[in-house]
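A.B. asks: Right, I'll just put the structure down here and ask away after.
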Amino acid sequence: MSPPRSSSTTRDRMLDAALAVMRARGVARTTTKEIAREAGFSEAALYKHFEDKTALFVAVLVERVPSRLGAVLDGLPARVGTGEVEATLAEVAAEALAFYRETFPIAASLFSDPAVLAAHRAALDRLGTGPHLPLDGLAAYLAAEADAGRVRATSDTRASATLLLGACQMTAFLTAFRGAPATAADDTDTDTDDTVTARSLARAAVQGLLPPSP
């Protein structure tokens, strides 16, 4: 593991260290003592900036994982009634693919220990966050589009949101399991693969959502 950047703030160095250790060991096996050691600080100093390991994990997701998923989801309410629904879903899918591919290997170890998973779940609830938020945000967007008449009124918008994000998670799982981009048919760049896959998933998702053409 590389040493922390000397120009970084204390908090930055702690986040960089947390990301490095969590990538190497997974969240469940990572300890705050290891993170503090990697950052070059005492464990007590770590707790001056973060309540616990889960708070550190959430901060890593928000501040260190290279993804615009949160920003795209936050912007969905303003996009209701504008643009094409399929194009919006493709953008969400592209960001979800990148986010899940980066975070799946880190978070997967939580499921190896029921007690650790329960404690992590309780901590996320206390922080008011969790993996359900992307689903809630996308389902709310599709429901609003249904109210606007741009999505079939009889559609199960939450099921459609689940199908789209679930497909993105499955792609991330296959990537982690196989150790190579699961969607790549050749040596093209990962971003290009994500764009192509996202468009395909969005196209499939809207088939049961869009009202019939006049």
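A.B. asks: Could you please find all residues in the range 148-164 being under 19 Å from the mean Cα position of the chain (by Cα) and not small (Gly, Ala, Ser)?
C.D. replies: Passing the criteria: Arg158, Thr162, Leu163, Leu164.
A.B. asks: Could you list, in sequence order, all residues of the range 47-56 that are among the hydrophobic types (A, V, I, L, M, F, W, C) and over 11 Å from Ala17 (Cα atoms)?
C.D. replies: Phe50, Ala55
A.B. asks: Considering only residues that are in contact (Cβ under 8 Å) with a residue 60 or more places away in the chain and of a type outside the set (Gly, Ala, Ser), look in the range 24-34 and name the one that is surrounded by the most Cβ atoms within 10 Å (Cβ to Cβ).
C.D. replies: For the range 24-34, the residue satisfying everything is Val27.
A.B. asks: Here are the criteria: (1) in a loop (DSSP other than H, G, I, E, B); (2) in contact (Cβ under 8 Å) with a residue 40 or more places away in the chain; (3) open to solvent by less than 50 Å² (accessible area, probe 1.4 Å). Tell me which single one Arg150 does not satisfy.
C.D. replies: Failed condition: (3).
A.B. asks: Still on this model: If I ask for residues that are open to solvent by 20 Å² or more (accessible area, probe 1.4 Å) and more than 19 Å from Gly70 (Cβ to Cβ), which ones from the range 134-145 would you list?
C.D. replies: Ala143
A.B. asks: Return the pairs, sorted by first residue and then second, in which the second residue is acidic (Asp, Glu), the first residue lies in the range 116-128 and is closer than 13 Å to Glu51 by Cβ, the beta carbons are less than 9 Å apart, and the residues are 6+ apart or on different chains.
C.D. replies: Pairs that qualify, where the first residue is closer than 13 Å to Glu51 by Cβ and the partner is acidic (Asp, Glu), are Ala123/Glu51; Ala123/Asp52; Arg126/Glu51; Leu127/Glu51.
A.B. asks: Let me ask something else about it. Give the residue that is nearest to Val58 (Cα to Cα), with candidates limited to residues of the range 81-133 that are polar (S, T, N, Q) and open to solvent by 60 Å² or more (accessible area, probe 1.4 Å).
C.D. replies: Residue satisfying both the conditions and the ranking: Ser112.
A.B. asks: Part of a loop (DSSP other than H, G, I, E, B), open to solvent by 40 Å² or more (accessible area, probe 1.4 Å), at negative phi and among the hydroxyl-bearing types (Ser, Thr, Tyr) - does that describe any residue in the range 35-55?
C.D. replies: yes
The values are calculated or read from the model by the stated rules, or taken from the named source; none is laboratory data. What you see is a predicted model, and the numbers here were worked out from it, not measured in a lab. In this analysis, Cβ positions are derived from the backbone assuming ideal geometry, glycine residues included, and neighbour counts consider all displayed protein chains. Please note that ligands, DNA and RNA were not included when accessible areas were found on the heavy atoms of the full protein model with its side chains. Shrake-Rupley method; radii C 1.70, N 1.55, O 1.52, S 1.80 Å.
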